[in-house]
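Visitor: Submitted below is the structure of interest, expressed as C-alpha cells.
Just so it is clear, none of the values below were taken in a lab; they were calculated from the coordinates. Quantities reported herein were computed from a predicted structural model and do not represent experimental measurements. A quick note on method: Cβ atoms are made from the backbone with ideal geometry, for glycine too, and the neighbour counts reach across all protein chains shown.
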Amino acid sequence: MEQIVVNGLYLGAQYALIALGLTLIFSLMNVMNFAHGQMYVLGGFVTYTAVSQFDIPFFIALIISGLTLAIVGALIEKFLFRPVIKKSKRDESTMLLAAGIGFFLDSIILLLFGEKQRGVPKIVDGVFNWDFKIIMPYDRIVIGLIAIAMIITFMLIMHYSKAGRAMRALAQDKVAATLMGVDVDRYQMIGFALGAMLAGVVGGLLVSITGINLGMGGPTSTKAFIMIMIGGAGVIPGAIAGGFILGMMESVGLSVLSEYGDITYLLIFASLMIFLAIRPHGLMGKPWG
Amino acid sequence: MKKSRSFKACLLAGMVGLAISGTASAENPTLKIGFVGVTSGPAAAWGISNQRSMETRADWINEMGGVTIGGTTYDIDIVAFDDQKDPKRAVAGMEKMAQEGVHYVVGPNVDDGAAAVRPVAEQKGIMYFPYAFPKSLYAKPASNAVLGMVANYQSGPAIYKYLMENEDIKNVAFVAANESDPLSQRDSGVEAAKSLGLNVVSSNVTYQVDTTDFTPVLLPVIKTRPDLLVLSGVSPANAPQLIRSARELGYTGLISTETAQDAAVLKEGAGDLANGFISVGGASTPKLASDTMREFVKRYTDKYGEYNDESNTKVYALEYILETLKANPEAISDVGEFQQTMDTFEAPNPYMVGDAKLKYVGNSSFGQKRQLSVPLVVNTYSDGEFKTLFVAQVD
C-alpha cells in the first residue's frame with residue numbers, strides 16, 4: 001500500500017505541473033490549448049538535444065527548454081491567437097486553431113528531431129528501498145521534489161508578483177481588470193508564455209525518467225484535460241488537485257485492478273462522467289463560468 | 001536588340017536542358033514499389049526502417065543502372081504512405097497504391113492494419129508484405145499477403161526453449177500493451193510457454209499504449225517473481241521504459257521480447273539496465289553478413305546518419321519482390337503469376353555469406369508458402385550493442 005501511495009504522489013506531482021500550464025492559459029484567454037501536449041514533447045526534445053548533442057548539463061538544458069517554449073508560446077499567442085480572438089465571434093475558432101497548432105508542432109517535431117524514442121542518462125543513480133515496502137529510484141524523488149518546488153514557486157508568483165496579480169485579475173474579470181489599467185494583451189502573452197514554459201519544463205524534467213517521443217503529445221493533452229475537468233477549468237488550485245487525484249487513481253487502479261486487465265482508465269473515465277454529471281464545473285470551478 | 005538576343009539564348013539553353021533531362025529520364029521506365037506502414041508515433045522505428053531500407057536499396061540499384069526484368073531495365077521508385085498505425089489510414093494507403101498502379105506493397109507493420117488492407121489488396125491485385133503475425137493473413141483462403149519476418153509464434157518457442165536449456169527458467173510472466181498486436185502476441189506466447197512446460201505466473205497485466213510511467217504497471221507482475229519477463233509485442237519506444245522500471249523495482253531475472261528493437265533507443269532510455277535484454281534481431285550478424293550487406297549498411301548510414309538494426313530484416317522484402325519478378329516477368333502486372341512463381345522460387349541470397357538462398361517458406365505454419373525466409377537471429381543487448389545469442393531457421 002505504501003508503494004501505491006508513493007507512486008500516486010509522484011505521478012500526481014508530474015501531472016499537476018502539466019495541468020497548471022493548461023489551466024493558466026484557459027483562465028486568461030478562455031482557450032483550450034490542444035497543443036499543450038505537443039509543447040511538452042517539444043520541451044523534452046529540446047532538453048534531449050541540449051544534453052545529448054551539445055553536452056550541456058541537464059539543469060541548464062531545462063532552463064533552455066523553458067525559455068524556448070516561453071518564446072514559442074509568446075509568438076503563438078501574439079501572432080495566432082490574438083488576431084483570431086479579436087476577429088472571431090465564435091469560441092470554436094480558437095479550439096480549431098489550437099488543434100491545428102498541435103498538428104503543426106507534431107510535424108515540426110518529426111522534421112527536427114525524428115521519429116525515435118529519445119532519453120538522457122539518469123540524473124541520479126540508485127534506488128531508495130525501505131524494506132521492499134517503498135521502492136523509489138532517487139532520480140524520481142529528485143524530479144518529484146523539483147516538480148513540487150515549481151508548483152509552490154508558481155503559486156507564489158501568481159499571488160505576490162505584479163504579473164501574477166495582473167493575470168489573476170484578468171482571469172477573474174477581464175473587463176474590470178482592463179478598466180483598472182491592466183494591459184490585457186501584454187499579460188495574456190505573458191500568461192501563454194508561462195503556460196507553454198511550464199509544459200516545456202515538465203517535458204524536459206521527464207525526459208530523464210520516461211524518455212520522449214513524438215507520439216506522447218496527444219495522450220498528454222488528454223490527461224491534462226482530465227485533470228482540469230476534475231479540478232475545475234481555469235482554477236489553479238483545481239489543476240493541482242486534479243493532477244494529484246488522477247495520479248492516485250492511476251496508481252491505485254493499476255496496482256489493485258491489474259488482474260482484471262486494463263480497466264483502470266475505463267473506470268477513471270466512467271467515474272469522471274458520473275462526477276461531471278453531478279458537478280460539471282469540477283471540484284473548484286465556478287458554476288457561473 | 002541585345003536583350004532580345006540574350007533572351008533567345010536563355011530560352012534555347014533552357015529547351016536543350018529540358019530535352020536532355022527528358023531524354024535521360026525516358027531511358028528507364030519506372031517500376032513503382034509501394035510501402036504502407038507506420039512512420040510516426042511510438043512505433044515509428046518499425047515503419048521508418050522499412051521505408052529507409054527500400055529507399056537505400058532502390059537508390060543503389062538505380063545508381064547501378066536499374067533492374068532488368070524480362071529484357072526491360074527499370075528504375076525503382078518507392079511510393080510511401082504513413083498509415084500512423086491506424087487501419088483506416090492503411091486502407092487509404094493501399095487504395096492510393098492501387099490508384100498509382102502499384103502491384104507490390106511492403107507493409108503494414110501491425111495486425112489490424114494488415115487485416116484491414118486484405119480486401120483491398122485481394123480486389124485490386126496487390127501482393128503485400130506485412131510485418132504482422134496472425135496466421136489468418138497467410139493461411140488459405142488468404143492469398144495476397146507474404147510475411148516479411150519471423151513471427152513471434154516461431155521465435156517465441158525457440159527463445160523459451162533456449163532459455164530453459166541454458167538459463168534454467170521455470171516461471172514466466174507476460175505483459176502487453178492493450179492493443180490487438182501485442183495482445184495476440186501475448187496469447188500465442190502464453191500458449192507456447194505452457195506447451196513447453198513453463199509455469200505462467202502472470203499474463204493478465206496490460207498497459208495503455210500511451211503509458212509513460214510503467215512502475216505502477218509492473219509492480220504486480222514483479223511480485224509474482226518470474227524467472228523470465230516477456231514484453232509481448234513491445235514497441236521500441238516502450239521497451240527501455242519497461243526494462244528500466246522492472247530493474248528499478250528490483251527485478252533481477254531475464255527480460256525478453258519477440259519484436260525487433262533499436263540498440264540506440266535502449267541505450268538512451270535504459271542504459272546499463274538494459275544489459276541482458278533479449279530480442280529478435282535483424283536478420284544479419286557479423287558472421288552471416290556478406291559484402292553486399294555491409295555495403296547496404298554503409299549506404300543506409302551515409303544517407304540517413306544512423307543505422308537501425310531492424311533494417312537487416314527489412315532489406316529483404318524489396319529484394320524478394322525484384323528477384324521474383326526477374327524469375328517471372330509476367331508477374332510485373334499479374335500477381336497470380338507471382339503467386340505461382342513463389343512455390344518454386346529460389347535465388348542466391350545477396351546478404352548472407354555462403355550459398356544461402358532466397359526462398360519462400362511457411363508450409364508448416366500456414367499450409368502454403370507465404371513467408372520470406374530470413375534467418376531468425378536472437379540477440380542480447382550489451383553495453384550499447386546487440387550481441388548474437390543464437391541463429392535459427394523457421395518454416
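Visitor: Using modelled backbone amide H atoms (1.01 Å from N, in-plane), which distant-in-sequence or interchain residues come within less than 5 Å of A:Met284's amide H?
Guide: A:Gly232
Visitor: Please give the contour-minus-distance gain from A:Ile56 to A:Ile274: 0.36 nm per residue of separation, less the Cα-Cα distance, rounded to one decimal in nm.
Guide: Net length gain for the segment: 73.7 nm.
Visitor: Another one. Let me see the pair-distance distribution of the range A:2-217: every alpha carbon pair, 10 Å bin width, integer percents in order.
Guide: 8, 32, 32, 19, 7, 1, 0
Visitor: What lysines could a cross-link reach from B:Lys387, if we take a straight Cα to Cα line under 27 Å and drop same-chain neighbours fewer than 8 places away?
Guide: Qualifying lysines at Cα under 27 Å: A:Lys116, A:Lys122, B:Lys161, B:Lys170, B:Lys267, B:Lys287, B:Lys298, B:Lys303, B:Lys314, B:Lys357, B:Lys359.
Visitor: May I pose another question? May I ask you to work out the translational diffusion coefficient for the range B:277-318 at 25 °C, viscosity 0.890 mPa s, via Stokes-Einstein with Rh from the Kirkwood sum over Cα pairs, reported in whole µm²/s? Let's see the in-between values first.
Guide: On the way: Rh = 10.8 Å.
D = 227 µm²/s.
Visitor: Taking amide H positions as placed in the peptide plane 1.01 Å from N, state which residues far from B:Tyr74 in sequence (5 or more) or on other chains have amide H under 5 Å from it.
Guide: B:Val67, B:Thr68, B:Ile69
Visitor: Give a residue-ordered list of calculated ³J(HN,Hα) values for the range B:216-225 (Karplus: 6.51 cos²θ - 1.76 cosθ + 1.60, θ = phi - 60°; whole Hz; x for Gly, Pro).
Guide: My calculation for the range B:216-225 gives x, 5, 7, 3, x, 6, 5, 5, 7, 6 Hz in order.
Visitor: Based on the inverse mean of 1/r over its pairs of different Cα atoms, what is the Kirkwood hydrodynamic radius of the protein assembly as shown, in Å?
Guide: Values: mean 1/r = 0.0368 Å⁻¹.
Across the protein assembly as shown, the inverse of the average 1/r is 27.2 Å.
Visitor: Please list, in order along the range B:365-377, the HN-Hα scalar couplings obtained from phi with the Karplus expression 6.51 cos²θ - 1.76 cosθ + 1.60 (θ = phi - 60°), rounded to whole Hz, x for Gly and Pro.
Guide: 7, 10, x, 7, 7, 9, 8, 6, 7, 10, x, 8, 10
Visitor: On to the next question. How many nm separate the modelled label positions at A:Thr222 and A:Phe132, each set 7 Å beyond the Cα in the direction of the Cβ?
Guide: Computed distance between label sites A:Thr222 and A:Phe132 equals 3.6 nm.
Visitor: Related question: Among B:Ser203, B:Ser155, what is the fewest-to-most ranking by other Cβ atoms within 10 Å?
Guide: Lowest to highest Cβ neighbour count: B:Ser203, B:Ser155.
Visitor: Straight-line reach from A:Lys87: which lysines have Cα under 21 Å away, leaving out those fewer than 8 places along the same chain?
Guide: Reachable lysines: A:Lys78, A:Lys174.
Visitor: Using a simple spin-label model with points 7 Å from Cα along the Cα→Cβ vector, what separation in nm is obtained for A:Val124 and B:Asp302?
Guide: The two pseudo-label positions are separated by 4.8 nm.
Visitor: If I model a spin label as a point 7 Å beyond the Cα along the Cα-Cβ vector, how far apart are those points for A:Ile148 and A:Arg186 in nm?
Guide: Taking the two extended label points, one gets 3.7 nm.
Visitor: Using only the alpha carbons of the range B:229-268, determine the length spanned along each of the three principal axes and report them from longest to shortest in whole angstroms.
Guide: Extents along the principal axes, in whole Å: 24, 21, 12.
Visitor: Using the Karplus curve 6.51 cos²θ - 1.76 cosθ + 1.60 with θ = phi - 60°, what ³J(HN,Hα) values do you get for each residue of the range B:110-116, in whole Hz, with x for Gly and Pro?
Guide: Karplus values, whole Hz, x for Gly and Pro: 10, 4, 5, x, 5, 5, 5.
Visitor: Also: Take the Cα atoms of the range A:74-124, find their three principal axes, and give me the spread along each one in whole Å, biggest first.
Guide: Between the extreme Cα coordinates on each principal axis of the range A:74-124 lie 49, 23, 16 Å.
Visitor: In the range A:40-92, which trypsin sites (Lys or Arg not before Pro) fall in coil by DSSP and have 12 or fewer other Cβ atoms within 10 Å?
Guide: Here the sparse-neighbourhood loop sites are A:Lys89, A:Arg90.
Visitor: Whose amide H sits under 5 Å from the amide H of B:Gln84, counting only residues 5 or more places off or on another chain, with H placed in the peptide plane?
Guide: B:Thr39, B:Ser40
Visitor: As I understand it, the dipole of the protein assembly as shown uses +1 on the Cβ of Lys and Arg and -1 on the Cβ of Asp and Glu, about the Cα centre. Which of A:Gly238, B:Tyr360, B:Ala327 lies farthest toward its positive end?
Guide: The listed residue farthest towards the positive side: A:Gly238.
Visitor: At what distance in angstrom do the alpha carbon centres of the range A:29-76 and the range B:247-276 lie from each other?
Guide: 28 Å
Visitor: Moving to a separate point now. Out of the range B:287-370, which GluC sites (Glu not before Pro) are coil in DSSP terms and have no more than 11 other C-beta atoms within 10 Å?
Guide: B:Glu306
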